[in-house]
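Colleague: Okay, handing you the structure first.
The values are calculated or read from the model by the stated rules, or taken from the named source; none is laboratory data. Given the structure is predicted, the values throughout are model-derived calculations rather than measurements. Cβ placement follows ideal geometry from the backbone for every residue including glycine, while neighbour counts extend to all protein chains displayed.
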Amino acid sequence: MQFFAIERFVLRYNLIRKYSKFYSCIDVNFYEAFHAIAIEELYIKKFQIFEKPPVKLIKIRLSSCTNNGDSYGFRVLTFVNIETQKCYFLDIYPKYGKLHQADFDKNELKDFLKEKTEEEKEGTLFSVLFQKKEPLVEFKQA
């Protein structure tokens, strides 16, 4: 499976990384959630927002850094295409701490999908690399 991210996701992820007082576990939690997952496993995640086979828009919960469970953790909005074996990261946000945010609305979802389509067309998507050494998660623009 290939992983990609839109620019908005990369900027938001890096901002979360900077607030290590609240979010020191983001790299480990993100790595653990996605580095070895099969696309079929990702495709059947519970929190689906939209489905039109072979694609799904899925909100995935990651654990918090404070051992308060998933409800206080991070949310990752993904667009998954099971035919092409590609996963696109569209947004990430914490549900607690200094950068916490409420869920997104339908207009934001449309914006995320529009950005994904435009960046894919322009060839400006970021490849997401998972590594066993630091940094565990790396973003490379083609």
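Quick grid of which residues meet (1) modelled with pLDDT under 90; (2) within 19 Å of K18 (Cα to Cα); (3) crowded, with 18+ Cβ neighbours inside 10 Å:
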{"position": "I58", "(1), (2), (3)": "no, no, yes"}
{"position": "S63", "(1), (2), (3)": "yes, yes, yes"}
{"position": "D91", "(1), (2), (3)": "no, yes, yes"}
{"position": "Y96", "(1), (2), (3)": "yes, yes, no"}
{"position": "H100", "(1), (2), (3)": "yes, yes, no"}
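Colleague: Please identify the pairs in which a residue from region 23-36 that is buried (at least 20 other Cβ atoms within 10 Å of the Cβ) has its Cβ atom under 8 Å from the Cβ atom of a residue that is assigned to a helix (DSSP H, G or I) and among the hydroxyl-bearing types (S, T, Y), counting only partners at least 6 apart or on another chain.
Modeller: What qualifies is I26/Y13; F30/Y13.
Colleague: Only one of L90, L99, L57 is farther than 20 Å from F3 by Cβ, among the aliphatic types (A, V, I, L, M) and touching a Phe, Trp or Tyr at 6+ places or on another chain (Cβ under 8 Å); which?
Modeller: Among L90, L99, L57, only L99 is farther than 20 Å from F3 by Cβ, among the aliphatic types (A, V, I, L, M) and touching a Phe, Trp or Tyr at 6+ places or on another chain (Cβ under 8 Å).
Colleague: Taking region 91-142 only, how many residues are under 14 Å from the mean Cα position of the chain (by Cα), among the hydrophobic types (A, V, I, L, M, F, W, C) and within 17 Å of N29 (Cβ to Cβ)?
Modeller: Residues in region 91-142 being under 14 Å from the mean Cα position of the chain (by Cα), among the hydrophobic types (A, V, I, L, M, F, W, C) and within 17 Å of N29 (Cβ to Cβ): 6 in total.
Colleague: Now a separate question. Please work out if E120 is surrounded by fewer than 18 Cβ atoms within 10 Å (Cβ to Cβ) and in contact with a helix residue (DSSP H, G or I) (Cβ under 7 Å, 6 or more places away or on another chain).
Modeller: Considered against the rule, which asks whether it is surrounded by fewer than 18 Cβ atoms within 10 Å (Cβ to Cβ) and in contact with a helix residue (DSSP H, G or I) (Cβ under 7 Å, 6 or more places away or on another chain), E120 comes out as no.
Colleague: Given the conditions (1) closer than 28 Å to G123 by Cα; (2) surrounded by fewer than 18 Cβ atoms within 10 Å (Cβ to Cβ), and given that I16 satisfies all but one, which numbered condition is not satisfied?
Modeller: All conditions are met except number (2).
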